[in-house]
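Trainee: The following block contains the structure, expressed as structure tokens.
The values are calculated or read from the model by the stated rules, or taken from the named source; none is laboratory data. As the structure is a computational prediction, the values presented were derived from the model and not from experiment. No Cβ is skipped: glycine too gets one built from the backbone with ideal geometry, and neighbour counts run over all protein chains shown.
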Amino acid sequence: MNTICTLRNMLTRNLEYNPDKPALIEGSRQYTFKEFSERTNRMGNALLTMGLDKGDRVAILSPNSMESAESYFSIPNAGLVLVMLNFRLAPSEIQTILSDSQASVLIVKEGYLSHIEQIKEGLSFVKHYIFIGDSSKTPEGWHHYETLIQQSSPHTPDMTVTENDLAALMYTSGTTGAPKGCMAIHRNYYHAGRSLTLELKMDSEDFGIIPSPLFHATGEVVLMTCMYSGTTAVIMPQWDVEEFMRLVEEYKVTMGMLATPMLLFLIDYPHADKYDLTSLKKMFFAGAPVTPVIFQKAIERFGNVFLHLFGTTETVGQATILKTEDVAKALESGNMEILSSCGRSFADMQSVVVDENDQPVLPGAVGEIRVRGLGTTLGYWNKEDETKKDFRNGWYYPLDMCRIDKKGFIYVVDRKKDMIITGGENVYPAEVENVLYKHPDISQAAVIGTPDRKWGEVVTALVVKKGGSEIPADELKTFCRGEIAGYKVPKKVLFVDALPMSASGKILKYKLKKEWS
């Protein structure tokens, strides 16, 4: 029974090495590692006092906050299971996740009470409600978060916790439909913190920032890395590009992770020169592919400080990594293609590109990536059939089509489900999108296949123009013909005001297909 690779032990490490060092900062609030550990113990004990048993689910609805960060430790540390809700969801979508997880306790931040009021009649399984905010505004019959902490024991909860115990249900962003609860165990989170600490060579001089949502892997992995390595982190309640730069300058931030759209905001921000961002050394980006043109702009503007990760909720974040030293070596030799790569296998993870017979493909060929290692979750909560389909023979299959080069670098070609078959030819939308993004007047682009009697499917581009730009559809088609084969050129170009996006910055193509097919 291994009790070392647990979230509880992560807290214990910092009590030994960094008890008086600031752990987390949010606005004017700040807690040392000792205070953070005591608060998480107190909340864990409060939950157990309510009569919860090992394995019961506890959900939290809050933007990034001290409380949401604490929940990653207080809940699993008591042998319970965290359900971190996406605060951007509509009330009905929140109800779906709560019903699927059958949460016994619901913690709600002030400002989200109206969401719960709309769906409370359908939450009969919730036994206790906890309110975060001004105590005078606590709804009748609810507990108050800080009051529970003040009244509970600071000692480690009397509950055995092992590395194989379920720690959280992390719901996918739902890029292909209804979200699924990925069953993450303690070892998965311990691995996330340890592996990034090793890959980044984290030390006492580092300082982290969490601008991405904590309900998503891009936020969670930074929290785990800082907690494992004893690094202070500043929490951003919401993304704001100028506030991000101000905090980087104020705290001399060295590391963090951005969802891909945040990187775009950073590159495009016209007043970045107002801030001293030279402390940045280890900034990850992930969630959606980035075109080489955008990656190159990021390096030119901020230096070679960005690391590209490929991963999923099912792998609790990182499965591959493109390191800054790999980028530097490739660019020195004139290899710009490296900027299209998501790198090679991450620490304690293995990623292989295979054909339809599960055999590794040759360099240059396209196949499906499969992943295994210490970050791989147990599967999907209450979804046995989907678990068997995506988790097979010890591997997880993310349904991404990739190719690999002679040095082992992996390149994501596209989602398996998004491939278009037009006139018998395979077209990967990402290739067409990369070309569209080269056009100076395009802000966003998504390519899907729409039904056609003659061709089966036709390549269809949905485009968001930059403000004030006028681009005729025929001009875009001509632009594409100079870059890609004729059968890949969009036969339809549709201009839209916005594209549906997930929290991680992925375009929700299933919604586009539903609307335009």
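Trainee: Got at least one residue in the range 327-348 being outside any helix (DSSP H, G or I) and of a type in the set (A, V, I, L, M)?
Mentor: Of the range 327-348, the ones outside any helix (DSSP H, G or I) are 333-335, 341-348.
Those left that are additionally of a type in the set (A, V, I, L, M): 347.
Within the range 327-348, one or more residues are outside any helix (DSSP H, G or I) and of a type in the set (A, V, I, L, M).
Trainee: Which one of these is assigned by TED's automatic domain parsing to the domain that holds residue 132, modelled with pLDDT of 95 or more and touching an Asp or Glu at 6+ places or on another chain (Cβ under 6 Å): 49, 40? Steps first, please.
Mentor: Details: 49 fails: touching an Asp or Glu at 6+ places or on another chain (Cβ under 6 Å).
Just one listed residue meets the conditions, 40.
Trainee: Restricting to the range 422-435, what's the tally of residues that are part of a strand (DSSP E or B) and at pLDDT below 80?
Mentor: Qualifying residue count, the range 422-435: 2.
Trainee: Another question, then. Going through the range 426-437 one residue at a time, which ones are surrounded by 15 or more Cβ atoms within 10 Å (Cβ to Cβ) and either of a type in the set (Lys, Arg) or under 19 Å from residue 486 (Cβ atoms) (or both)?
Mentor: Scanning the range 426-437 gives 427, 428, 429, 430, 431, 432, 433, 434, 435, 436.
Trainee: Of the residues that make up the range 327-344, is at least one surrounded by 16 or more Cβ atoms within 10 Å (Cβ to Cβ), without any contact (Cβ under 8 Å) to a residue 40 or more places away in the chain and under 21 Å from residue 266 (Cα atoms)?
Mentor: yes
Trainee: May I pose another question? Could you list all residues from the range 319-339 that are more than 27 Å from the chain's Cα centre (by Cα) and among the polar types (S, T, N, Q)?
Mentor: Scanning the range 319-339 gives 333, 335.
Trainee: Another question, if that's okay. Every residue in the range 347-370 that is crowded, with 19+ Cβ neighbours inside 10 Å, under 18 Å from residue 407 (Cβ atoms), modelled with pLDDT of 95 or more and out of contact with any Gly (no Cβ under 7 Å at 6 or more places or on another chain), please.
Mentor: Within the range 347-370, 351, 352, 369 meet the criteria.
Trainee: Looking only at the range 56-93, count every residue that is part of a loop (DSSP other than H, G, I, E, B) and more than 18 Å from the chain's Cα centre (by Cα) and tell me the total. Please lay out each step first, then the result.
Mentor: Our first condition is that a residue be part of a loop (DSSP other than H, G, I, E, B); within the range 56-93, this holds for 56, 62-65, 78-80, 85-90.
Still in the list and also more than 18 Å from the chain's Cα centre (by Cα): 56, 78-80, 90.
Looking only at that region, the number is 5.
Trainee: Under 29 Å from the mean Cα position of the chain (by Cα), within 21 Å of residue 263 (Cβ to Cβ) and not polar (S, T, N, Q): does that describe residue 431?
Mentor: yes
Trainee: While we're looking at this one, here's another question. Please pick out the residue among 247, 263 that is crowded, with 23+ Cβ neighbours inside 10 Å and out of contact with any Leu (no Cβ under 6 Å at 6 or more places or on another chain).
Mentor: On the way: 247 fails: crowded, with 23+ Cβ neighbours inside 10 Å.
One residue alone meets the criteria, 263.
Trainee: When you go through 502, 517 one by one, which is the residue that is in contact with a strand residue (DSSP E or B) (Cβ under 8 Å, 6 or more places away or on another chain), among the hydroxyl-bearing types (Ser, Thr, Tyr) and touching a residue at least 40 places away in the same chain (Cβ under 8 Å)? Reasoning before the result, please.
Mentor: Details: 502 fails: in contact with a strand residue (DSSP E or B) (Cβ under 8 Å, 6 or more places away or on another chain).
When all the criteria are applied, what remains is 517.
Trainee: Can I ask one more? Identify the residue in the range 288-337 that is among the β-branched types (Val, Ile, Thr) and in contact with a helix residue (DSSP H, G or I) (Cβ under 7 Å, 6 or more places away or on another chain) and, among all such residues, is farthest from residue 414 (Cα to Cα). Lay out the reasoning, then the answer.
Mentor: Step one: filter the range 288-337 for residues among the β-branched types (Val, Ile, Thr), giving 290-291, 293-294, 299, 305, 312-313, 315-316, 320-321, 324, 327.
Checking which are in contact with a helix residue (DSSP H, G or I) (Cβ under 7 Å, 6 or more places away or on another chain) leaves us with 290-291, 294, 305, 313, 316, 321, 327.
Numbers: 290: 12, 291: 13, 294: 18, 305: 26, 313: 18, 316: 21, 321: 18, 327: 22 Å.
Among those that are among the β-branched types (Val, Ile, Thr) and in contact with a helix residue (DSSP H, G or I) (Cβ under 7 Å, 6 or more places away or on another chain), it is 305.
Trainee: Which condition does residue 88 not pass, out of (1) out of contact with any helix residue (DSSP H, G or I) (no Cβ under 9 Å at 6 or more places or on another chain); (2) over 28 Å from residue 501 (Cα atoms), if it passes all the others?
Mentor: The number of the failed condition is (2).
Results for (1) within 26 Å of residue 165 (Cα to Cα); (2) over 22 Å from the mean Cα position of the chain (by Cα), shown as yes or no for each residue.
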position	(1), (2)
341	no, no
358	no, yes
363	no, yes
374	yes, no
379	yes, no
399	no, no
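Trainee: Let me ask something else about it. Please go through the range 11-34 and give me each residue that is among the acidic types (Asp, Glu) and either outside any strand (DSSP E or B) or surrounded by fewer than 16 Cβ atoms within 10 Å (Cβ to Cβ) (or both), ordered by number. Quick ask: steps written out before the conclusion?
Mentor: First, pick out the residues of the range 11-34 that are among the acidic types (Asp, Glu): 16, 20, 26.
Within the range 11-34, 16, 20 qualify.
Trainee: Here are 157, 179, 211: which of them is closer than 18 Å to residue 262 by Cα and either touching a residue at least 24 places away in the same chain (Cβ under 8 Å) or surrounded by fewer than 18 Cβ atoms within 10 Å (Cβ to Cβ) (or both)? Break it down stepwise before answering.
Mentor: Values: 157 fails: closer than 18 Å to residue 262 by Cα; 179 fails: closer than 18 Å to residue 262 by Cα.
Answer to the check: 211.
Trainee: Moving on to the next point. Any chance you could count how many residues in the range 134-188 are under 30 Å from residue 349 (Cβ atoms), in a loop (DSSP other than H, G, I, E, B) and modelled with pLDDT of 95 or more? Show your work before the answer.
Mentor: Pass one, the range 134-188, residues under 30 Å from residue 349 (Cβ atoms): 159-188.
Now drop any that are not in a loop (DSSP other than H, G, I, E, B), which leaves 159-165, 172-180.
Among the residues that remain, those that are also modelled with pLDDT of 95 or more are: 159-165.
Looking only at that region, the number is 7.
Trainee: Now for a different question. May I ask you to verify whether residue 498 is closer than 26 Å to residue 218 by Cβ, among the hydrophobic types (A, V, I, L, M, F, W, C), at pLDDT below 85 and surrounded by fewer than 21 Cβ atoms within 10 Å (Cβ to Cβ)?
Mentor: Details: closer than 26 Å to residue 218 by Cβ: yes; among the hydrophobic types (A, V, I, L, M, F, W, C): yes; at pLDDT below 85: no; surrounded by fewer than 21 Cβ atoms within 10 Å (Cβ to Cβ): yes.
No; evaluated as a whole, the condition is false for this residue.
Trainee: Something else about it: Got a number for residues in the range 183-208 being under 25 Å from residue 87 (Cβ atoms) and free of Cβ contacts under 8 Å to residues at least 60 places away in the same chain?
Mentor: Step one: list which residues in the range 183-208 are under 25 Å from residue 87 (Cβ atoms), which gives 183-186, 188-189, 192-193, 196, 208.
Filter once more, so that each one left must be free of Cβ contacts under 8 Å to residues at least 60 places away in the same chain: 208.
Selection size over the range 183-208: 1.
Trainee: If you check residue 96 against the conditions, is it out of contact with any Gly (no Cβ under 9 Å at 6 or more places or on another chain), part of a helix (DSSP H, G or I) and touching a residue at least 40 places away in the same chain (Cβ under 8 Å)?
Mentor: Here the answer is yes, as residue 96 does meet what is asked.
Trainee: Additional query: Are any residues in the range 444-482 among the charged types (D, E, K, R) and surrounded by 15 or more Cβ atoms within 10 Å (Cβ to Cβ), and if so, which ones?
Mentor: Across the range 444-482, the qualifying residues are 452, 457, 465, 477.
Trainee: Still on this structure, please answer the following. Considering 310, 295, which residue is hydrophobic (A, V, I, L, M, F, W, C), in contact (Cβ under 8 Å) with a residue 12 or more places away in the chain and within 26 Å of residue 377 (Cβ to Cβ)? Working first, answer last.
Mentor: Working: 295 fails: within 26 Å of residue 377 (Cβ to Cβ).
One residue alone meets the criteria, 310.
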